[in-house]
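Below is one structure, written out as structure tokens, with a few remarks after it.
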Amino acid sequence: MYSRILVAIDGSPGAAHALEHAAGLAKGLSASLRIIHVVDIGLFPSGPELGIDIDTLLDARYAAAEKIVATARDSVQAPGLEVETRLLDTANPVQHVAAAIAEAAASWPADLLVLGTHGRRGVERWLLGSVAEGAARRSTVPVLLVPVPG
């Protein structure tokens with residue numbers, strides 16, 4: 001049923017749990033697994049008057065993202081499981097991470113998008129938003145939301 005499974009991770013325990021589910025599905029279905037991480041380039045203050053070295057901040061963010069992806073890949077390596085990784089970024093400073101995830105799923109093209117969810121409610125959800133919800137709303141492929149255990 002699913003031959004190409006994409007899982008988006010952010011280094012959180014919820015994402016690690018979703019990755020476990022995605023890897024289990026991929027192995028059981030003999031499907032390819034693609035792990036992605038999206039670097040949000042829109043969260044940086046800009047302007048020379050701030051005196052902030054944006055390039056150094058971006059380099060640090062990408063270095064951290066590479067570690068997240070490498071750790072994820074290493075955690076699911078198993079015989080017979082085809083795993084690839086992609087490090088992406090938001091296409092422009094105003095693109096939302098959820099949109100980048102949905103676009104990555106469509107362009108690969110994935111048969112299933114797997115995302116971890118924190119299960120936020122009320123004010124916390126309103127203030128912090130939900131990448132998983134946003135990606136699910138934008139996705140053109142089926143989405144599996146995996147809640148944080150406990």
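Give me the one-decimal nm value for the distance between modelled label points at Ala78 and Leu144, 7 Å along each residue's Cα-to-Cβ direction.
1.1
So what's the angle, to the nearest 10 degrees on a 0 to 90 scale, between helix 13-29 and the longest Cα principal axis of the chain?
Helix 13-29 and the main axis of the chain meet at about 30 degrees.
Where does the chain land at 222 nm, in deg cm²/dmol rounded to the nearest 500, when only DSSP H runs of n ≥ 4 count, each adding -39500 (n - 2.57), divided by all residues?
Here the helix-only value at 222 nm equals -14000 deg cm²/dmol.
Specify the angular offset, from 0 to 90 degrees and rounded to the nearest 10, of the alpha carbon long axis of helix 54-76 from the longest principal axis of the alpha carbons in the chain.
It works out to around 10 degrees.
Considering only protein heavy atoms and a 1.4 Å probe, what is the carbon-and-sulfur percentage of the accessible area of the chain? Show your work: numbers first, answer last.
Numbers: 4690 of 8420 Å².
Carbon-and-sulfur percentage of accessible area, whole number: 56.
For an R0 of 22 angstrom, estimate the FRET efficiency from the Cβ-Cβ distance between Thr85 and Asp55 and round to the nearest 0.05. Please list the in-between numbers first.
Details: r = 24 Å, r/R0 = 1.08.
Approximately 0.40, to the nearest 0.05.
Among 20-31, 55-66, how do they line up from the highest to the lowest mean number of other beta-carbon atoms within 10 Å? Let's see the in-between values first.
Numbers: 20-31: 18.1, 55-66: 12.7.
The packing order, highest mean first, is 20-31, 55-66.
Work out how far the C-alpha atoms of segment 1-90 reach from end to end along every principal axis, then list the three figures in whole Å, largest first.
54, 22, 20 Å, listed from the longest principal axis down.
I need the peptides 75-86, 1-12 ranked by packing, meaning the mean over residues of other C-beta atoms within 10 angstrom, with the highest value on top.
1-12, 75-86
Treat each spin label as a single point 7 Å out from the Cα along the C-beta direction, and report the Ser30 to Gln95 distance in nm.
About 3.5 nm, to one decimal.
Out of all Cα-Cα pairs in the chain, roughly what percent, to the nearest whole number, are more than 20 Å apart?
49
With every protein chain present, what is the per residue accessible area of the chain (1.4 Å probe, Å²)?
Roughly 56 Å² per residue, with all protein chains present.
Mind checking which of Ala100, Leu19, Ile9 is farthest towards the positive end of the chain's charge dipole, using Cβ charges of +1 (Lys, Arg) and -1 (Asp, Glu) about the Cα centre?
The residue sitting farthest along the positive end of the dipole is Leu19.
To test your reading of the geometry: what angle, between 0 and 90 degrees and rounded to tens, separates the Cα axis of helix 97-107 from the longest principal axis of the chain?
That helix lies at roughly 40 degrees to the long axis.
About the Cα centre of the chain, how large is the charge dipole given +1 on each Lys and Arg Cβ and -1 on each Asp and Glu Cβ? Please answer in debye to the nearest 20. Walk me through the intermediate numbers first.
Details: 12 positive and 16 negative charges, 123 e Å.
Here the size comes out at about 600 debye.
The values are calculated or read from the model by the stated rules, or taken from the named source; none is laboratory data. Just so it is clear, the model here is predicted, and its values are computed rather than measured. Glycine also receives a Cβ, built like all others from the backbone with ideal geometry; neighbour counts cover every protein chain displayed. Quick note on the areas: whole protein, heavy atoms, side chains included, nothing else; ligands and nucleic acids left out. Shrake-Rupley method; radii C 1.70, N 1.55, O 1.52, S 1.80 Å.
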